[in-house]
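To keep things clear, I will list the structure first and then write my remarks on it.
The values are calculated or read from the model by the stated rules, or taken from the named source; none is laboratory data. Bear in mind that the values here come from a model prediction, so they are computed numbers and not experimental data. All Cβ positions, even for glycine, are placed from backbone atoms using ideal geometry, and neighbour counts span all protein chains on display.
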Amino acid sequence: MTGQGMTGQSRRNFLHTAAAAVASTSASRLCGADDKVNVAIIGLGSRGRNHMDAYATLPDARIAALCDVDQAALERGQVQVEKLTGHKPKGYSDMRQVFDDKEVQAVSMPLPNHWHALSTIRACQAGKDVYIEKPACHNPFEGQMMVEAARKYKRMVQVGSQGRSVSHKIKAVQLLRDGVIGKVYLAKGLCFKRRPSIGHKPDAPVPPGLDWDKFLGPAPMRAYNENRFRYNWHWFWDTGNGDIGNQGVHEMDIARWGLGKEGLPQGVSSTGGKYVYDDDQETPNTQLATFDYGDAELMFEVRGIMTGSEGGLPTASNNTVGNLFYGSDGWMALDGAGYKVYKGEKSELAMEEHGNTRGDAGPHMENFLAAVRSRNYQDLHADVQIGVTSANLCHLANISYRLKRRLDFDPVAGKFTKDEDANRMMTRSYRAPYVVSKKV
């Protein structure tokens, strides 16, 4: 569909979705339910605190319970919610206790990547609707199982790709669909996010109150190390996917959306490395990935050390994060602050819009709550299948990077072509009893 105009009906459907992004609270009330949705938040790190802040402002949500494997984080979370809402939520140390709680209708889970699939599948099996943070999954096999679980148990599963609920990004993608820059032949996602070195840390005793076994879950057992905990888990293959699967997956999702590609590419190549730093990080801090869609290309670039901007996108705190789209008649720059369209041989500014100052989490969670009421997963802006496909682009890139070669991919079969080494990396070995099964 890149570069092609939409039918009148398609355009109306797209604009209906855009309206829902900014008014989904009202839409949810039209579903006929006046009571609040009882939400439990599982995972109370920095992103978990953001979830508490956001749900506390939504009139259709009640924070009924909190859960974390770190007792100190759980207690801090309960204090935070009580200050925000006037009531103290129930506290659990094991997510299975949350899933057994009949009062909890939905779970919101800002967990480390390696826990996304198993927690989502368990929640679906327990009859809970799910808001799971990005990336949807830690590897492609897990994503497949998440989609199967969501459909089998008829659960609403929203992935935290919040850009899908931002009004100016919805409008920008609509403009690309309408051919504002002609046929789109290239989308480029940028994740130039400054990441200081994590240094070296020694293994140490597990801190009091932390269940390290449950934190590691499906990942191999390792000695406790501060660098493998508290955010820096992103930079280890056991638990994270590097910055392409952290901040980057947001822009990867927008790039794929703007390019108009619903599936996976026919080839991938990714190069880069961990440059400058000598530290414990395993994932690259500099990475370039290209995805071959036949009639178009998607590119993605990660730069975690000192760098400049690109495409006129603004830089804040040494960070440039956004997307560039190139077409037969011009190009577009899009980020959290707005978008600009440039046309013709002289790249003259033809159109621009500044985004509103409201954060992106609230509208995305409102959309999730609206779908919880409607019971139609197609109402979700980032249904699990959408999130899994975008996450899989990150996984394909990382597999190419780690194997140090270009890879051919069969998007219909969902596997690499004649490359068993690559196909083995589509899943992982699971540590019992934290196993993602082939049957959900």
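Before we move on, is Val81 under 19 Å from Ala123 (Cα atoms) and not small (Gly, Ala, Ser)?
No, not satisfied.
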Problem - From Glu366, Glu353, residue being of a type in the set (D, E, K, R), touching a Gly at 6+ places or on another chain (Cβ under 7 Å) and over 22 Å from Met145 (Cβ atoms) - result: Glu353
Exercise for the section: Residue by residue through segment 170-222, note down the ones that are over 30 Å from Pro363 (Cα atoms) and of a type in the set (Val, Ile, Thr). Expected result: Ile198, Val206
Practice task
Could you tell me whether segment 427-437 includes any residue that is touching a strand residue (DSSP E or B) at 6+ places or on another chain (Cβ under 8 Å) and buried (at least 17 other Cβ atoms within 10 Å of the Cβ)?
Solution key: no
Exercise for the section: Among the residues of segment 369-401, write down those that are of a type in the set (Asp, Glu) and in contact with a strand residue (DSSP E or B) (Cβ under 8 Å, 6 or more places away or on another chain). Expected result: Asp383
Practice task
Select, from Val249, Val276, the only residue that is modelled with pLDDT of 95 or more, among the aliphatic types (A, V, I, L, M) and surrounded by fewer than 22 Cβ atoms within 10 Å (Cβ to Cβ).
Solution key: Val276
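So that you can scan it fast, the table gives a plain yes or no per residue for (1) of a type in the set (Lys, Arg); (2) buried (at least 18 other Cβ atoms within 10 Å of the Cβ); (3) part of a helix (DSSP H, G or I):
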position: Met332; (1), (2), (3): no, yes, no
position: Lys346; (1), (2), (3): yes, no, no
position: Pro363; (1), (2), (3): no, yes, yes
position: Leu369; (1), (2), (3): no, yes, yes
position: Arg373; (1), (2), (3): yes, yes, yes
position: Gly387; (1), (2), (3): no, yes, yes
position: Ser390; (1), (2), (3): no, yes, yes
Handout entry: Among (1) in contact (Cβ under 8 Å) with a residue 40 or more places away in the chain; (2) surrounded by fewer than 23 Cβ atoms within 10 Å (Cβ to Cβ), the one test that Asn241 misses
Key = (2)
Exercise for the section: Counting only residues that are hydrophobic (A, V, I, L, M, F, W, C) and assigned by TED's automatic domain parsing to the domain that holds Ala413, give me the strands (runs of 3 or more DSSP E) lying completely in segment 206-324 with at least 2 of them. Expected result: 286-292, 297-303
Practice task
Those residues that are among the aromatic types (Phe, Trp, Tyr) and surrounded by fewer than 16 Cβ atoms within 10 Å (Cβ to Cβ), I need them from segment 294-324; list them, please.
Solution key: none
Problem - Failed item, numbered, when Ala350 is tested on (1) surrounded by fewer than 15 Cβ atoms within 10 Å (Cβ to Cβ); (2) on the phi < 0 side of the Ramachandran plot; (3) at pLDDT 95 or above - result: (1)
Problem - Scan of segment 361-393 for residues that are farther than 29 Å from Met426 by Cβ, modelled with pLDDT of 95 or more and within 14 Å of the chain's Cα centre (by Cα), ordered by number - result: Met365
Completion exercise
Of (1) free of Cβ contacts under 8 Å to residues at least 12 places away in the same chain; (2) outside the structural domain of Arg373 (by TED's automatic domain parsing), Ala172 fails just (1)
